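First the structure, in the form of structure tokens, and then the observations on it.
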């Protein structure tokens, strides 16, 4: 009757047959009856599952949908905790300089990737809360004030630790976000802003990209030379063309390109934009990022390239999360003010902006992509930078023991 | 820089002039209500309980394993959503029990289940610190199965033997209760039996349908018999005979009672379901039809959840002994639960076997058949926003 591939014929007869009882999959004993740590205790479900108290019910007007509202937010906070757990461990690897041993990059990338998978879940989770109508929300909203998402400490910690810049927050946010926290929470928030952020740690790591050394491979110098040569040749080609509108357009395009690259190789200009807050990464870090992009197929740069991709993915998902939040809030409360006192949906909409994109400079690298032939050639026999820093022999003996554990990840 | 439709130029540059503009922007006005009672959000959600309940066994035993945190949080998130699903399920059952079925918001239930079936994360764990904790001890999961209507005698043997042993005292009592109280399946069955139009002395849907179907089959047979002999004619005839057998079984009440293992709904309930299917476009039956669809979605999502679980477990522990003591091939046990035995509303799926051409469906006449647009009761005690009666 069913197309279920796991349905064996013997499971379908009316009497439980002898064969069924003897089926391998039905063997086993029940260990759990003997004692020891059990599921509910392990997960402290007595705490987790007794934390749902409806304000509407307390006030004698129980509204069914308030339970969904509570559970949704608690689920978000649980996952925020998990993200912070992963984020802190990654920051730690950078801070303790463990990333100098490039074997640790695999761990870094898997954990950042894990964070993006959690964010995907958080973006999809809105669909569940959206089954609540604005009318049903209206029935219990009055009992919530002045509780507001503004008081989510974990969300702020998340922003701070990834690297959202204080001076780039929109005014309402910048003015008020700290006031919501007192005592221990306020200190925790302050600490998170003073400790190295993921952005700062990645910046330092990028600055150390092998191949940037002026007295070594000198990637930047070589790249500049190649690009200038390349642009010159293109200009020659175009000038040889017959005069036409197309030629004019192509020349104008080439001029624009030339301007972009002139700006790229101007360190003073970069400093200027950095001080204004329009750029977030240092000049040297930008060079490192471009290097990793151009040579991403070299074994040594493959995983670093995955890291840069995953970091941009985090930014993208966070902004999608913000936007999904906006859409839902608009549906729920229209243009009313938020319970925390902001203008509500209008305020939230203003946070869906590149200001909150921490790794925005990585996105903008696409401006500087060039034809493959302009990229400085690498020669494996000459350029040792292609080999990982740690000794090859040591690497292989250690990976054998790593494979004892069932370590899996998916990209 | 971005293609975001809400992106206004003024937020790109952060030069002083633009900062001034920002300050005057309406979206940035507002006060800060909450700065006076900072902990309110956290108090409301009792975050002090939620966010401090992650204790790594590996850490307690002096060998902290990073990934154990993910394992814990994932299960806690599942249990939170199980609680939400139970909340919705119990409220739906209450509505059926109280008779106010027109207020059913089945979509809530559906989406809660969608939430937990979309969680799909991989992790690595040191299982030695977990023994004997096991998903077998998830009370909420069992409550969920029972309240929807997974019948005890349908559980695969290992499950049937042991699933109660994992719970003691109050939990055990709660579990027993959930087996004895009306399940969603039973409540839906009774509701289906009351479908308007089934009354033999009224519209008599079943009698009319039987007549139409066999008349239709007879005409088809005549048409085929008139064709010249050929292999295709043979095949069409064989197909027709198969069809006829299927419908004979449908209208044979004894046959229905006999195959009670495969059928969960009563004969009358099945008739009600078919009625709703055939007349789903009539205003009165539109939402009931949506309900039947949603109930099947629940079954589908639950079985997909089980299968996702199987795949993950297989990848994680292969053929090692499961922490709950089930067979050396724990994933094989779990695999055996990916089966129609656990599909509560399996009969609704199987109704597709009995679909017929539109012309065979008994005609409805609104002037004569007023049940099409008149709701069952106008109960003055009904109030959409309250869960309790007035």
Here the gain from full extension of residue B:257 to residue B:300, 0.36 nm per residue of separation minus their alpha-carbon distance, amounts to 12.9 nm
The distance between the Cα centres of the range A:63-91 and the range A:104-175, in whole Å, is 9 Å
The simple spin-label model distance between residue B:349 and residue B:226, using points 7 Å out along Cα→Cβ, in nm, is 4.1 nm
One computes Rg over Rh for the range B:122-256 from alpha-carbon atoms, with the Kirkwood Rh, and obtains 1.25
For chain A, longest principal axis from Cα atoms; helix A:299-333 axis from its Cα atoms; angle between them, nearest 10 degrees, is 50 degrees
Expected sort for B:293, A:339 with the fewest Cβ neighbours (10 Å cutoff) up front is B:293, A:339
The range A:208-312: spread of alpha-carbon positions along the three principal axes, whole Å, largest first, is 47, 35, 31
Fewest to most Cβ atoms within 10 Å: B:268, A:268, B:83 sort as A:268, B:268, B:83
Checking A:342, A:148, A:244 against a Gaussian network model of chain A (alpha-carbon springs below 10 Å), the top fluctuating residue turns out to be A:244
Nearest 10, in degrees from 0 to 90: the angle of helix A:392-402 to the longest Cα principal axis of chain A is 10 degrees
Of every Cα-Cα pair in the range A:276-322, the percentage lying beyond 16 Å is 51 percent
Compactness summary of chain A: radius of gyration and Dmax from Cα atoms, Å, are 28.0, 91
Out of A:242, A:86, A:253, a Gaussian network model of chain A with alpha-carbon springs under 10 Å gives the largest mean-square fluctuation to A:242
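Once you have the Kirkwood Rh of the range B:187-288 from its Cα pairs, apply Stokes-Einstein at 20 °C and 1.002 mPa s and quote D in µm²/s. Intermediate values should be presented prior to the final figure.
Details: Rh = 15.6 Å.
Translational diffusion coefficient: 137 µm²/s.
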Rounded to two decimals, the Rg over Rh value of the range A:153-217 from Cα coordinates and the Kirkwood Rh reads 1.18
Per-residue average of other protein chain Cβ atoms inside 10 Å, peptide A:165-172 -> 3
Of the convex hull drawn through the C-alpha atoms of the range B:146-216, the volume per residue in Å³ is 115 Å³
If one builds a Gaussian network model of chain A from Cα atoms under 10 Å apart, the most fluctuating residue listed among A:188, A:316, A:116 is A:188
If one compares the long axis through the Cα atoms of helix A:105-124 with the longest principal axis of the Cα atoms of chain A, the angle in degrees, nearest 10, works out at 60 degrees
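Each reported figure results from applying straightforward, stated rules to the coordinates on display, with no laboratory input. All values reported here derive from a predicted model rather than from experimental measurement. Every residue, glycine as well, gets a Cβ built from its backbone with ideal geometry; the counts of neighbours run over all protein chains shown.
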